[in-house]
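The values are calculated or read from the model by the stated rules, or taken from the named source; none is laboratory data. In this text the structure is predicted, and so the values were computed from the model without any measurement. Cβ coordinates were reconstructed from backbone atoms using ideal geometry, including for glycine residues, and neighbour counts include every protein chain displayed.
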Amino acid sequence: MTKKHLVARSIASNQSAYNAGQSQIGSGQTYNELVTNNVKNNPVSTAIAGAGMVTLGAVTGGGLATLGMMGAGSAIGMGANGGVQIYNGQPFDWASFGMAGLTGGVSTGMGFVPALLINAGGALAGSAIGGQNPNALMAGAAVGTAIGYPIGTKIEGSLNNVLNPWYRQEWKEIGMGMSVPVPKNPVPSWSGATGAGVIQELGGGAAQNKVNGTK
């Protein structure tokens with residue numbers, strides 16, 4: 001190949017790169033918009049990654065709670081999410097509402113780190129459903145969990161001192177030679193979860209808006 005041909009190919013390559021750059025400048029997309037578009041173009045892979053984080057959190061937390069406890073956690077999660085959405089007067093986001101129920105149920109009874117993984121993974125999976133910026137949603141989930149979890153634990157502990165001050169695990173016969181543990185009053189646990197959920201939604205929403213650059 002002659003020197004003249006090499007120069008011509010180099011010019012053509014540079015022109016293509018220049019044209020591509022010009023097209024991006026004209027689009028006016030910010031970093032957050034580019035990230036959001038990537039999620040919209042690859043929703044399946046984003047959802048799988050989020051589901052993987054939720055599964056890791058559940059495994060790290062030592063397994064799921066009973067169906068009854070998970071149901072209560074799911075209801076509390078959806079109630080907190082839906083209540084905050086209505087309070088803020090924003091368009092109702094059914095994707096985050098449903099994901100709040102899922103993560104609330106799976107994270108029931110979990111420690112801080114598993115709950116953080118589950119909530120962040122749920123936000124990542126939810127971004128695929130709603131076509132939203134996963135960075136903002138995950139940041140909101142992480143900040144909300146970091147604020148809400150210790151406060152919810154404090155609420156539960158304080159109410160346990162009042163409603164379950166002398167609780168010791170006891171067993172009762174249910175027939176056929178089987179026994180089950182006598183449950184303690186569930187109000188402290190429900191109250192702590194509700195407080196944590198509401199604070200998590202409020203704090204997470206503020207962090208999400210900060211990342212998105214909105215009020």
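Taken as a whole, the condition of being at pLDDT below 85, within 30 Å of Ala49 (Cα to Cα), in a helix (DSSP H, G or I) and not acidic (Asp, Glu) does not apply to Ala146. Of all residues in segment 63-81, those satisfying the criterion of being touching a residue at least 24 places away in the same chain (Cβ under 8 Å) and small (Gly, Ala, Ser) are Ala65, Gly71, Ala72, Gly73, Ser74, Ala75, Gly77, Gly79, Ala80. Considering segment 162-215, and only residues there that are polar (S, T, N, Q), within 25 Å of Gly71 (Cα to Cα) and at pLDDT below 80, the residue that is nearest to the chain's Cα centre (by Cα) turns out to be Asn185. Residue selection: Val44 fails the criterion of being at pLDDT 90 or above and of a type in the set (A, V, I, L, M).
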